[in-house]
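> One structure is given below, represented as structure tokens, and several questions about it will come after.
Bear in mind that the values in this text are calculations on the coordinates, not laboratory data. Since the model is a prediction, treat every value here as computed from it, not as a measurement. All Cβ positions, glycine included, derive from the backbone under ideal geometry; neighbour counts span all protein chains shown.
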Amino acid sequence: MPPYLSEIADDVYAYVQPDGGWCLNNAGLVVADGEALLIDTAATERRALALREAVKSVSPALPRLLVNTHSHGDHTFGNYLFPEAAVIGHRGTRTEVTQIGTHLTTLWPDVCWGDLELRPPQVTFEDRLTIHVGDTEAQVLHLGPAHTGSDVVVWLPGRRVLFTGDIVMSGATPFCPMGSVAGSLDAVRALRDLRPRVVVAGHGPVAGEELLDTTEGYLLLLQRLAKEGVAAGATVLDVAREAELGAFGELLDAERIVPNLHRAYLEEQGAERGCPVDMPALFAEMVEFNGGLPACHA
């Protein structure tokens, strides 16, 4: 199924890239009074250009502001194809984009990434930022380490629409080895307090507040498995292989349980939220558990 742009509230759009698996992320668009705000871009040159055309189909002006919810390339690699826009992100996101560069492309070398140009956030902040798109208010909120060390969400209180970035997934397994399991739980509970009507997750179909419940349930399962695994002296791979995931096993990319459990183990043993991990090693272990490289259709 090709990507599609859907109006989810008055002058608010979600750009959804099915099926929401690895590197098939969502973006958002707010249009008002001849102005536009874009939330995230896409992983490849081809997909970012398609997003640009979709934006042009509904907006009289191209976005002058572009918020990155976090540093990962599927949400940031397309920044350079929106040269009209100032890129906004958390201070840590700028650091991470600069440090990580285009490393994501090495994980799936067969993907046609295009002629990428790195463009990290130019405007950074710490805790919260308010953007006005015409009369529409967009609150950009940092909730602490969650999916990464520096995620933000975009909340439209007047429309009750929430763009969560990858703190929340829709129909896909959460992924937090670079951030925090406990921090993700705190973030999800803070998002529930907003009482959103529409939730646009970082990946997967647009839905409602029930996505927060699914995410919370999975994260609590991770904590329980880690607590039991540490107490038993079991390895992460052993626990992952024996885990009864129930309905969570039906989510896309279930192999993420391996790096997720590594983060949960660290926190069970007292590690600081967001502390560095050896992601290449964790990714390699996930590939071993999966029996091969996970599919990426970017």
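> Taking the Cα centroid of segment 197-251 and of segment 77-91, what is the distance between the two, rounded to the nearest whole Å?
32
> Divide by every residue of the chain the summed helix terms, -39500 (n - 2.57) for each DSSP H run of at least 4, and state the resulting mean residue ellipticity at 222 nm, rounded to the nearest 500 deg cm²/dmol.
The helix contribution divided over the chain gives -10000 deg cm²/dmol.
> Let me ask something else. Under a plain spin-label model, where a point goes 7 Å from the Cα along Cα-to-Cβ, how far apart in nm are VAL287 and HIS132?
Placing both labels 7 Å beyond Cα along the Cβ direction yields 5.1 nm.
> At what distance in nm do the modelled label points of ALA247 and CYS112 sit from each other, each positioned 7 Å from its Cα along Cα→Cβ?
The answer from the label model is 4.0 nm.
> Oh, and also: Rounded, prolate or oblate: which fits segment 52-103 when a ≥ b ≥ c are the square roots of the eigenvalues of the alpha-carbon gyration tensor, with rounded for a/c under 1.5 and prolate only if a/b beats b/c?
Prolate is the answer for segment 52-103, as a/c is 1.5 or above and a/b outweighs b/c.
> Here's something else I'd like to know. If you average the alpha carbon positions of segment 1-24 and of segment 25-51, how far apart do those two centres end up, in angstrom?
10
> Turning to a different aspect of this structure: Only Cα pairs within less than 10 Å get springs; with that Gaussian network setup on the chain, which residue of ASP19, ASP151, ASP110 has the largest fluctuation?
It is ASP110.
> Expressed as a rounded percentage, what relative contact order does the chain have, with Cα pairs under 8 Å and six or more residues apart? The partial results should precede the final answer.
Numbers: 659 pairs, mean separation 50.3, N = 298.
Answer for the chain is 17 percent.
> Place +1 on the Cβ of every Lys and Arg and -1 on the Cβ of every Asp and Glu in the chain, take the dipole about the Cα centre, and give the residue among GLN269, VAL97, ALA281 whose Cα lies farthest towards its positive end.
VAL97
> About the Cα centre, and with charges only on the beta carbon of Lys, Arg (+1) and Asp, Glu (-1), how big is the dipole of the chain? Nearest 20 debye, please.
Taking the Cα centre of the chain as origin, the dipole is about 400 debye.
> Step through the residues of segment 191-197 one at a time and calculate ³J(HN,Hα) from phi using the Karplus curve (6.51 cos²θ - 1.76 cosθ + 1.60, θ = phi - 60°), rounding each to whole Hz and writing x for Gly and Pro.
Result, rounded to whole Hz: 5, 4, 5, 6, 6, x, 8.
> OK, next. Given springs between every Cα pair under 10 Å in a Gaussian network model of the chain, which of HIS75, HIS90, HIS103 has the largest fluctuation?
HIS103
> Next question. Write down, largest first, the equivalent ellipsoid semi-axes of segment 1-107 in whole Å, where each equals the square root of 5 times an eigenvalue of the alpha-carbon gyration tensor.
22, 16, 11
> Can you compute the charge dipole magnitude of segment 142-193 about its Cα centre, using +1 on each Lys and Arg Cβ and -1 on each Asp and Glu Cβ, nothing else charged? Give it in debye, rounded to the nearest 20.
220
> With +1 on each Lys and Arg Cβ and -1 on each Asp and Glu Cβ, and nothing else charged, work out how big the dipole of segment 161-298 is about its Cα centre, in Debye to the nearest 20.
Its charge dipole is roughly 360 debye.
> If you don't mind, there's one more thing I want to ask. Please report, in Å, the Rg and the Dmax of the chain, where both are computed over Cα atoms only.
Final numbers for Rg and Dmax: 18.2, 60 Å.
> Then there is this: Modelled label-to-label distance, PHE125 and ARG189, 7 Å Cα→beta-carbon offset: nm?
With each label placed 7 Å out from Cα toward Cβ, I get 2.5 nm.
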